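For reference, the structure is listed below as structure tokens.
The values are calculated or read from the model by the stated rules, or taken from the named source; none is laboratory data. Please read all numbers here as calculations on a predicted model, not as lab measurements. Cβ placement follows ideal geometry from the backbone for every residue including glycine, while neighbour counts extend to all protein chains displayed. These area figures cover heavy atoms from the full protein model, side chains too; ligands, DNA and RNA do not enter into them. Shrake-Rupley method; radii C 1.70, N 1.55, O 1.52, S 1.80 Å.
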Amino acid sequence: MSRKQLDMTLLVLAVAVCFALPLVITSPTYLQILILLFFYAYLTTAWNLVGGFAGVLPLGHSVFVGIGAYTSTILSNQYGVSPWIGMLAGGVIAAFVGVLIGKPTFRMRGAYFALCTIAFAEGIRVMIENIDSIGPIKINGPRGLLIPLKGDSFWNYQFMHKEPYYYIILTMLLLVVALTWFISRSRMGYYLAAGGEEPEAAQALGINVARYKLISMAMSCFLTALAGTFYAQLMLYFYPKGLLGLDLSFEIAFIALIGGRGTIAGPVIGALALRPLNEFTRIYLGSQLPGLHLVIFGTILILVMLFQPKGLTPPLARLYDKFAARITGEGGAK
Amino acid sequence: MNILEIKDLTKHFGGLTAIHDLDLHIAKGEILGLIGPNGAGKSTLFNCVAGVFPPSVGDIRFKGESIAGKKPWDLCSLGLARTFQIVKPFGSKTVLYNVMVGAFLHTGSTSKARDKAMEVLETLQLDHRKDQLASNLTIADRKRLEIAKALATDPELLLLDEVMAGLRPTEVDDMIAIIKGLRDRGVTVFVIEHIMRAVMALSDRVVVIQFGEKIAEGKPEDVTKDENVIKAYLGSEYGAA
């Protein structure tokens, strides 16, 4: 068996297991945990397009989740538009807002850019919390929006069981991972990496760094907003503090940093490592010490940054290389 | 035909005049050396030509077309590439990746970019390092990588900013051979260099600048005998002798 065949076999196997899981795990609680795991893996993969490949650190991506959720919900609650269409509309608006935020802020580097995105995100959250309605559009301020139950209906993006949600988010995750895989191997991926690492050198090689960063920001925001609609339809209720707050933005960044920024598997590995931890600390310790999971996240982040500054993916990749070399009998697999 | 023409170029930074009223031209296929003491304005001149700074006054023409105020990435597409005095490799990536970034200028296909990058690496005898991380290279190889990246964009005019600084004498000889090889492939080379042996061996013509002004121009052997040049480098008492 060659290395390529081994990679493919394992990949197909892993995907097949993911698709088969709901046949074994029927408890809605556990399914919900898995759904949220995929949801975070998806969000982080979308974030990684700009936060990983383009080498900047946006810390306000919850805004785009919010834009997705609010757009599709307002359109379906007040205008009867299917959330599937609202999802695309939310994506387009998020991409537009992302470019609007990115255009002036991409000039800044490092922590300044990160701070600026936090400021934008918090500003938008405070605005939403203080607006009851814009003209005919009901926003409902801090109380958030409720989606009325319409029963099992694909068109209305509502299901009485967890399985459809599971398959939707799994498909979205697979597609977005495939997209990043494709981008990282294309000219765009090379240009983003070059522009993120040495902008001046990249410009001298014919790369309009600012433009490529904006394109990646637009794509990332579009994809992030799609997950916002998913979240709204899964929970059927959301409010600004929970959805637009910094907790969500930071958790996305945590997952990326621990999993491995700028790698394809990183966000998925990060979500696999952190989400169960998050759920269980919340379930077992949440009542005594709320917020403890963030302390644990922080501790893990410090440890990972100290011992594996590039995240968990590179050491795992090396382990896999060794394993693959033994299976295929090839000495120096790369 | 002149591939590059600089007319009355002046560049101010606030109250400081880094380049003053400079005229310069490079013929197609030529190797032009630019020398001058530290702070003479050599790198500023390069940065003006490469589009990093727009000139304050004057015009720069590349292949007959005015390029003053154009951005670095546009100039690169026109066929003007440069290296940096302080090398700027994409350190976390492999050598091949670095060169492919340059090679993507003329193709959207990853496999074509890889072929092009391999071809350039072979020309620069760097192909045996292709899978190493750029940050792990020796200084000599980093300088070569810097040239390889620029060369992968298929430039007609290549600006080399001190690519021999910090090299051992044998490495300087290798680099001289490489740059001459580039010229034989039809690339016009404009080179800033401090190592006089290299300048003498390489250049068809040398331009000397001091305090942002041109003080001498001509064949390498004539320029080194020029009184102004000796003064600029060694101080006025030597010039009088």
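I'd like the carbon and sulfur percentage of the solvent accessible area for the protein assembly as shown, probe radius 1.4 Å, heavy atoms only, ligands and nucleic acids excluded. Show your work: numbers first, answer last.
Numbers: 16180 of 25630 Å².
For the protein assembly as shown, the apolar C and S fraction of the accessible surface comes to 63 percent.
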* Using a Gaussian network model of chain A whose springs link C-alpha atoms within less than 10 Å, name the residue from A:186, A:287, A:249 with the highest mean-square fluctuation. => A:287
* To do: Set the Förster radius R0 to 56 Å, insert the Cβ-Cβ distance between residue B:23 and residue A:305 as r into 1/(1 + (r/R0)^6), and round the FRET efficiency to 0.05.
  => 0.55
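Specify the longest stretch of chain B that does not include any exposed loop site, a site being one of the trypsin sites (Lys or Arg not before Pro) with a non-H, G, I, E, B DSSP assignment and at most 14 other Cβ atoms within 10 Å. Walk me through the numbers on the way to the answer.
Details: sites that count: B:28, B:185, B:225.
With a cap of 14 other Cβ atoms within 10 Å, the longest stretch comes to B:29-184.
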* Return the calculated 222 nm mean residue ellipticity for chain A, to the nearest 500 deg cm²/dmol, obtained by summing -39500 (n - 2.57) across DSSP H runs with n ≥ 4 and dividing by the residue count. => -24500 deg cm²/dmol
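Count charges around residue A:310 for me, please; just the other residues with Cβ under 12 Å from its Cβ, Lys/Arg as +1, Asp/Glu as -1.
Details: positive: A:261, A:318; negative: none.
With Lys, Arg at +1 and Asp, Glu at -1, the neighbours total +2.
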* Euclidean distance between Cα centres, segment A:114-160 to segment A:180-200, Å -> 34
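For segment A:81-123, what is the accessible area per residue in Å² when the probe is 1.4 Å?
Working: 2230 Å² over 43 residues.
Result: 52 Å² per residue.
Identify the trypsin sites (Lys or Arg not before Pro) of segment A:35-129 meeting these criteria: DSSP loop state and at most 16 other C-beta atoms within 10 Å of the C-beta.
Listed in order of number, the matching sites are A:107, A:109.
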* Going 7 Å from the Cα of residue A:167 toward and past its Cβ, which residues in segment A:1-28 have a backbone nitrogen under 13 Å from where you end up? -> A:19-23
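Above 37 angstrom, tally the Cα pairs of the protein assembly as shown and express them as a % of all pairs, no decimals. Provide the component values of the computation, followed by the final result.
Numbers: 74061 of 165025 pairs.
The share of Cα pairs beyond 37 Å in the protein assembly as shown comes to 45 percent.
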* What is the spin-label model distance, in nm, from residue A:81 to residue B:115 if the labels are put 7 Å beyond Cα along the C-beta direction? -> 4.7
* To do: Note down the nm distance, to one decimal, between modelled labels 7 Å out along Cα→Cβ at residue B:92 and at residue A:280.
  => 3.0
* Structure fact -> Quick calc, residue A:30 & residue A:112: beta-carbon distance into FRET formula, R0 60 Å, rounding 0.05, result 0.90
* Using label points projected 7 Å from each Cα along Cα→Cβ, tell me how many nm separate residue A:103 and residue A:241, to one decimal. => 3.5
* Taking H placed 1.01 Å from N in the peptide plane, check which residues at least 5 places from residue B:210 or on another chain put their amide H under 5 Å from its amide H. => B:215
* Report the charge-dipole magnitude of segment A:3-328 in Debye, nearest 20, computed about the Cα centre from +1 at each Lys and Arg Cβ and -1 at each Asp and Glu Cβ. => 500
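Listed here are the pairs B:28/B:180; B:28/B:63; B:116/B:149; which of them are more than 19 Å apart at the Cα? Intermediate values should be presented prior to the final figure.
Values: B:28/B:180 14 Å; B:28/B:63 9 Å; B:116/B:149 11 Å.
Distance filter (> 19 Å) returns an empty set.
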* Using a Förster distance of 56 angstrom, determine the FRET efficiency expected from the C-beta separation of residue A:17 and residue B:5, and round it to 0.05. => 0.25
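Go through B:106, B:20 and list them by solvent-accessible area, largest first, probe radius 1.4 Å. Before the final figure, lay out the partial values.
Values: B:106 110, B:20 80 Å².
Per-residue accessible area, sorted high to low, gives B:106, B:20.
Please identify the helices of chain A, taking whole runs of DSSP H, that span at least 30 Å along their own axis as judged from the Cα atoms and have a mean Kyte-Doolittle score of -1.0 or higher.
Counting only whole DSSP H runs, the qualifying helices are A:3-24, A:83-105, A:110-130, A:162-184, A:209-235.
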* Asked: residue A:120 accessible area, nearest 10 Å², 1.4 Å probe?
  -> 80
* **For segment A:92-230: rounded, prolate or oblate by the Cα gyration tensor [a/c cutoff 1.5]** => oblate
